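All of the numbers you see were taken from the coordinates with simple rules; none came from a lab. All values derive from a computational prediction rather than experimental measurement. Glycine also receives a Cβ, built like all others from the backbone with ideal geometry; neighbour counts cover every protein chain displayed.
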Protein chains: 2
Amino acid sequence: MEGDPTLQLRVFDLNCWAIRYLSKRRQERVQLIGDTLRREGFDLVLLQEVWSERDYSDLKVKLGGCYPFSHYFRSGVIGSGLCVFSRFPILDTLLYQYSLNGYPYMLQHGDWFCGKSVGLVVIKISGIVFNVYVTHLHAEYCREKDAYLPHRLVQAWELAQFIRHTSKAADVVVLGGDLNMHPEDVGIRLLRGWTGLRDAFAEATRFEGCEDGCTLVPDNCFTVNSELLPFPLGIRIDYILYKAVSSFTVKCEELKTTTGTAPGMDIPFSDHEAVMATLHIRRQEQAAGDTLSTVEPTLADVVTEARTEVGVGLRAARRQRYSAGRMAVLALLLLLLQAAAALGALAGLADGQPFPKLSFCLLAFLALGILLLATGLHLFHTMEVKMLQGTEDQMRMALRALQERP
Amino acid sequence: MEGDPTLQLRVFDLNCWAIRYLSKRRQERVQLIGDTLRREGFDLVLLQEVWSERDYSDLKVKLGGCYPFSHYFRSGVIGSGLCVFSRFPILDTLLYQYSLNGYPYMLQHGDWFCGKSVGLVVIKISGIVFNVYVTHLHAEYCREKDAYLPHRLVQAWELAQFIRHTSKAADVVVLGGDLNMHPEDVGIRLLRGWTGLRDAFAEATRFEGCEDGCTLVPDNCFTVNSELLPFPLGIRIDYILYKAVSSFTVKCEELKTTTGTAPGMDIPFSDHEAVMATLHIRRQEQAAGDTLSTVEPTLADVVTEARTEVGVGLRAARRQRYSAGRMAVLALLLLLLQAAAALGALAGLADGQPFPKLSFCLLAFLALGILLLATGLHLFHTMEVKMLQGTEDQMRMALRALQERP
């Protein structure tokens, strides 16, 4: 930095769609990703959906020469899928698992099993401390009736809070990941407003890639076009965001995305497009102003909007908790009734058994099954209510703080 | 600070043992705690095991006059039980839920349901930023054969990492809570060594209270003396720890504990003794040296020791995952066999049903029950393995960093 006042950082971000047994042509694509990364020599590589640790190890071996430092974040049943490769030493890491992440019984969606998280790695380049975050938020399966919106908003809020609290001593913050939110969605506005992060796509001096920076596009052969339907030209849900915390400035000189296929190949890296940013970091004479203050007037509205959505989720969770509890009580009553009938029969109060033995047993097992299931659901939704309430509380506190500022 | 160079901070810490329906004389004790806190006028109050939100609300109403700022941390099924009351405005909060916290099927221990966490509140007094942490780690039920040691060590490690990453911009760090570890236990040494936190009891200029600062003592009428047995004089598991991060010094002028009963009363606040510290904070001319460096030579040994224990837990978790998986496969095989037999009977391959219908159905239900339970257990232990592996990885990285330092 002393000699050359500008540090250049080239960042690569990709949701790899590398689900064992499920993702098409996975091994071929992981190999292709590895080859490209080795050839291109980025400074930082932020990957999501590397669900198989074997894939990570293979990449680590292949990339050992140009990216000697790496970290895989473990969480959930399958793993967080998050990993980082770096040209510079990773000094420290931390994982924060989001408190809400869908429902375990929504097996067809499976997000719950991934233990969605945000991973932090700290690196230092030429004396500048970089806090680099990689994350993947809950997927959106139906935009019109998005049952997971409250959970995704809780995640966006926790992500913002985690970044704010952990980046206070960092000079530069970089966040890459599949946020599963469109640029104008309330979650993105909340995340950007509450952290002061800037969107590399919006700030880039030069852009090259899919129209509007889209990262899920119809030109990608793995895209199911019907899933894009309300947006036939594609959507942008993968981001590189950044900010300078102390007396530095960051500028995005160039942003690129792949355009349906990997460069020079006939297959894509993934069902998502890769996002590649070239950031220029400069030390500036006077310290940067608080980026929060410039967006504050609208920030209170954004927090209010997010809080309203979390409130909607809270009411739904309370209803589900109530239904599950009622079901458990009914099943328990049925079991008690059956126990009374069985005891009565044993004590000779009734002439013989009122039911045939088989149906009686089947009914008892059914009631027991429902009791266990409903109790489990009740506990799960109780936790959901607690976390939604907690987030709503925090947002209310944030609003008060925003309103009290001059 | 400008006029008076020393800031005095009086901190109160207590595990309240306020479990609805289970804790003896709960309401009376919560009232007593509230009365004492109002009378004594501490600056900061850190409470654990306030499981009922009603108790928190009652305390909040009662203490509104002298502690106008408070926060209750929600998590898990029951709630984290953590809350903070403060004389000074709470500027921000963050909750970190530990990734491991016992087993849901250990109903008699129940820790899993509490969503054990660490809560952070940020306050500013006379321009000094305080990061105040409150936590409660997994209980120790059997010291000789402590099955929860690896989980508690993961919690201690996550607590240390969380404090390190979130306190970089703080001037003073204060941690209060029931750590469920004796002062010489590896978890405490890890936490203190890795964060540089100092133990108020060890550093206090004046001490008044139970011998050796014990917080579980035989003089407390709620203590089950047999549970203390290897330590008939009591144990110390509740702590106030602190450090100055930047150019400040903190000194513990006085440490007190209650001694079996609340001051001037005939019943105790709780089954734990309260810990009360008076801290003196001074701005110093030259910045404080890195507290880590002074303890470093032994720190590597402590991390190694902790890593070994986590490794023991990892092997146990792998064994349990394997057993649960094998059980699930066996139950599935039995179900498939039964299905084949039933299909055979339906297709008329066998002369009549080989089993009586009732036993056949009972067996099928049993197999189904075992299949579901074993699958659930397998998933749970898979997550446990992931988190233990992740912690081991982080500890290995920390060790390398320690060894590479000159």
*State which entries of A:K116/B:K116; A:K386/B:K116; A:K145/B:K386 exceed 22 angstrom in Cα-Cα distance in the structure shown.*
A:K145/B:K386
*Take every Cα-Cα pair in region B:7-283 and report what % of them are more than 35 Å apart.*
8
_Compute the distance from the alpha-carbon center of region B:15-64 to that of region B:316-347, in whole Å._
50
_Need one value for A:160-169: mean number of C-beta atoms belonging to other chains within 10 Å of its residues' C-beta atoms._
5
_Using only DSSP helix segments of four residues or longer, with each worth -39500 (n - 2.57), what per-residue ellipticity at 222 nm results for chain A after dividing by its residue count and rounding to 500?_
-14000 deg cm²/dmol
*Given charges at beta-carbon only (K, R positive; D, E negative), |dipole| of region B:8-122 in Debye*: 280
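Determine the percent antiparallel among the DSSP beta bridges restricted to region B:7-283, to the nearest 5.
Bridges in region B:7-283 that DSSP calls antiparallel: roughly 75 percent.
Dipole magnitude of chain A about its Cα centre, charges +1 at Lys/Arg Cβ and -1 at Asp/Glu Cβ only, in debye to the nearest 20?
Result for chain A is approximately 1120 debye, rounded to the nearest 20.
If packing is taken as the average count of other Cβ atoms within 10 Å, what order do B:263-271, A:305-313, B:380-388 fall into, highest mean first?
Highest-to-lowest ranking by the protection proxy: B:380-388, A:305-313, B:263-271.
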_Checking a compactness column here: for the protein assembly as shown, what do you get for Rg(Cα) / (2.2 N^0.38 Å), N being the number of residues?_
1.02
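Evaluate E = 1/(1 + (r/R0)^6) for B:T6 and A:E184, where r is the Cβ-Cβ distance and R0 equals 56 Å; express this FRET efficiency to the nearest 0.05.
Working: r = 52 Å, r/R0 = 0.93.
E(calc), rounded to 0.05, equals 0.60.
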*What percent antiparallel are the DSSP beta bridges of the protein assembly as shown, to the nearest 5?*
75
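Restricting to bridges with both residues inside region A:103-259, how much of the DSSP beta-bridge set is antiparallel, in percent to the nearest 5?
So the antiparallel bridges amount to about 65 percent of the total.
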*Listed residue (A:L149, A:F130, A:S99) projecting farthest to the positive dipole end of region A:47-161, Cβ model*: A:F130
_Of B:F269, B:L120, B:L299, which is farthest towards the positive pole of chain B's charge dipole, taken about the Cα centre with +1 and -1 on the beta-carbons of Lys, Arg and Asp, Glu respectively?_
B:L120
*Cα centroid of region B:95-151 to Cα centroid of region A:355-404, whole Å*: 22
_Given the options A:L228, A:F201, A:I188, identify the residue whose Cα lies farthest towards the positive end of the charge dipole of region A:181-235 (+1 on Cβ of Lys, Arg; -1 on Cβ of Asp, Glu)._
A:I188
*asked:* Once the label point is set 7 Å along the Cα-to-beta-carbon vector, what list of distances in nm do you get between B:G65 and its counterparts in the other copies?
replied: 7.6
*B:R307: net charge of surrounding residues, Cβ under 11 Å, Lys/Arg +1, Asp/Glu -1, itself excluded?*
-4
*Rounded if a/c is under 1.5, else prolate if a/b beats b/c, else oblate: with a ≥ b ≥ c from the C-alpha gyration tensor eigenvalues square-rooted, which is region A:178-233?*
oblate
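Working out 0.36 nm times the residue gap between A:L346 and A:S359, then minus their Cα-Cα distance, what length gain in nm do you get to one decimal?
3.0 nm
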*Can you list, shortest first in nanometers, how far B:V312 lies from the same residue in the other copies, with each label 7 Å from Cα toward Cβ?*
5.2
*Relative to the present Cα-Cα distance, how much length would full extension add between A:D146 and A:F207 at 0.36 nm per residue of separation?*
18.8 nm
*Provide the gained length on full extension for the span A:E53 to A:Q284, in nm with one decimal, where the gain is 0.36 nm per separating residue minus the Cα-Cα distance.*
79.0 nm
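In whole percent, what relative contact order does region B:7-283 give with Cα contacts below 8 Å and a gap of six or more residues?
Here the relative contact order equals 20 percent.
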*Mind listing which chymotrypsin sites (Phe, Trp or Tyr not before Pro) in region B:1-96 are in a DSSP loop and have 12 or fewer other Cβ atoms within 10 Å?*
B:Y21
*Would you mind giving the mean number of other chain beta-carbons within 10 Å of the Cβ of each residue in A:360-369, as a whole number?*
3
*FRET efficiency estimate (nearest 0.05) - Cβ-Cβ, B:Y105 to A:L336, R0 22 angstrom*: 0.40
